[in-house]
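Below is one structure, written out as structure tokens, with a few remarks after it.
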């Protein structure tokens, strides 16, 4: 499984949505499933899958799938 | 008079001053914010300054401007519910928040000013609970409050307002993970 697939899986697991809905323009709070509680689960899932620990600024900035990819690059994870 | 400045969860809350009134009025007149307020009138510069003069020395309500990374992003406030008591003495406070900076509306950062303010109140004032009156149409605010641990106490069929209550215990129980996420150290 490549990193992009892992990221999609992280979103589907944390938010309980279908993989086809995990597009770059999916944003926090744009769907009921991605609320603050799910955001916390999502952060934990991403950290677990990619073995990274995001700092608070990145947790705040991680407000879309596209942004998640940019942030992960800072942790040497290319999707 | 509010003289309490504090920083927590990445944001700083500073007591509002005259120089903040321009940005506060700008946000307050934003139609998106205006429609969620109980008073939705357009606010003139004179009205804004008159309001500031009225509440500046007031001990029954305190207002802060919120900054993140050195930029103003919104405003918070507390009001004493118990008649004749100051915010310092009142065991029940009503809290308010709006995020003016569009980048952080609906962002997880929007919880930071509230967490900072509620921690301050529970730890430094006589506060035992918060009460909120929210328009029933404002589902975002109701959801936001519920994430903090608020429970709906009453909802009148005759009005479009619901009353929500937050005890200190419910607050602590519901915000542990959120606080951990918003108070992580920065990467070195």
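Taken together, the values in this text are just the output of simple stated rules run on the coordinates, not laboratory data. Bear in mind the structure is a predicted one, so any value in this text is a computation, not a measurement. Backbone-built Cβ (ideal geometry, glycine too); neighbour counts: all protein chains shown.
Expressed as a rounded percentage, what relative contact order does chain B have, with Cα pairs under 8 Å and six or more residues apart? Here the relative contact order equals 18 percent.
Ranked from highest to lowest mean number of other Cβ atoms within 10 Å per residue, what is the order of the peptides A:21-27, B:8-14?
Details: A:21-27: 13.7, B:8-14: 20.6.
The peptides rank, most packed first, as B:8-14, A:21-27.
Shielding by partners for peptide A:49-59, expressed as the average number of C-beta atoms from other protein chains within 10 Å of each residue's C-beta, is 4.
Across every pair of non-identical alpha carbons in the protein assembly as shown, the mean reciprocal distance, once inverted, gives a Kirkwood radius of 19.8 Å.
Pull out a ≥ b ≥ c, the square roots of the eigenvalues of the alpha-carbon gyration tensor of the range A:1-52, then state rounded if a/c is under 1.5, prolate if not and a/b is larger than b/c, and oblate in the remaining case. Don't skip to the end; give the middle numbers.
Working: a/c = 2.06, a/b = 1.24, b/c = 1.66.
Oblate shape, in that a/c is at least 1.5 and b/c is the bigger or equal ratio.
Quick check: Cα centre of the range B:144-175 to Cα centre of the range A:2-66, how many Å? Each part reduced to its Cα centre gives a spacing of 28 Å.
What is the range B:12-103 by shape, rounded, prolate or oblate, if you read a ≥ b ≥ c off the alpha carbon gyration tensor as root eigenvalues and call it rounded for a/c under 1.5, prolate for a/b larger than b/c, and oblate otherwise? Prolate.
Shape class for chain B: rounded, because the ratio a/c of the largest to smallest gyration tensor axis (alpha-carbon atoms, square roots of eigenvalues) is under 1.5.
Residue separation times 0.36 nm, minus the C-alpha to C-alpha distance between residue B:103 and residue B:81: what's the value? Please report the intermediate quantities before stating the final value.
Details: separation 22, 0.36 × 22 = 7.92 nm, distance 3.22 nm.
Taking 0.36 nm per residue and subtracting the Cα distance, the gain is 4.7 nm.
In chain A, Cα pairs under 8 Å separated by at least six residues give a relative contact order of 35 percent. The mean count of C-beta atoms from other chains within 10 Å of the C-beta of residues in A:35-47, rounded to a whole number, is 3.
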